[in-house]
Amino acid sequence: MSASLATRRVVAALLAAGALVGAAALPATADDHGRDRDRRAPSSIVISDVQYGGADRGDRSARALNREWVEVKNTGRKSVNLRGFTLTDRQGNRYRFADFRLDGRSSVKVHTGQGRDTRRDVYQDRRHQIWDERDTATLRDNRGNVVDSDSWNGRRHHRNG
């Protein structure tokens, strides 16, 4: 009977040790799955080009305002509805896309001034230039997540996104 009791104790100790090892491994496994869920595929919507206001900063003509634009491009194959996407500058000026479907592998220029929206050009209907010689354009999705950002500093232009 003592051999049987000793065997039961050894088996119980081994089972308890296995349970502890299993419990310690569970949070690491769950954490790994959580990290995979947080990884997002890069967006196919990007800021592809910027034409900011230059020496004619005081010129408020429609022509001068519409020479200033940010180009948003869909690098993917599928069309994307940009409804609720926003484009902002450093000073907080914001343009919000209405119901606008951007086809795959195409782009749209967001002009500062006034005009009639088309598939290739949309207008902010502003009466003053907003993109400065040193500025940042930030594109956010309809949930407020930064999709892309582009900064420039006078002649030097570099991508952030």
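The values are calculated or read from the model by the stated rules, or taken from the named source; none is laboratory data. Please read all numbers here as calculations on a predicted model, not as lab measurements. Neighbour counts are summed over all protein chains in view; Cβ atoms, including those assigned to glycine, are modelled from backbone coordinates with ideal geometry. To get the accessible areas, we keep the full protein, side chains included, count just its heavy atoms, and leave off ligands, DNA and RNA. Shrake-Rupley method; radii C 1.70, N 1.55, O 1.52, S 1.80 Å.
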When Lys and Arg each count +1 and Asp and Glu each count -1, what net charge do the other residues less than 12 Å away from K73, Cβ to Cβ, add up to? -2
How much net charge surrounds R90 when only the other residues with a Cβ under 9 Å from the Cβ of R90 are counted, with Lys and Arg +1 and Asp and Glu -1? -2
Carbon/sulfur accessible area of region 114-155, % of total, 1.4 Å probe, equals 35
Using modelled backbone amide H atoms (1.01 Å from N, in-plane), which distant-in-sequence or interchain residues come within less than 5 Å of V147's amide H? L139, R140, D141
Given H placed on each backbone N at 1.01 Å, which residues far from G53 in sequence or on other chains put an amide H within less than 5 Å of it? W131
Heavy-atom accessible area per residue, region 41-158, 1.4 Å probe: how many Å²? 58
Lys and Arg at +1, Asp and Glu at -1: add these up for the other residues within a Cβ distance under 15 Å of D121 and post the number. +3
Once you keep just the Cα pairs under 8 angstrom separated by 6 or more residues, what percentage relative contact order results for region 64-126? 36
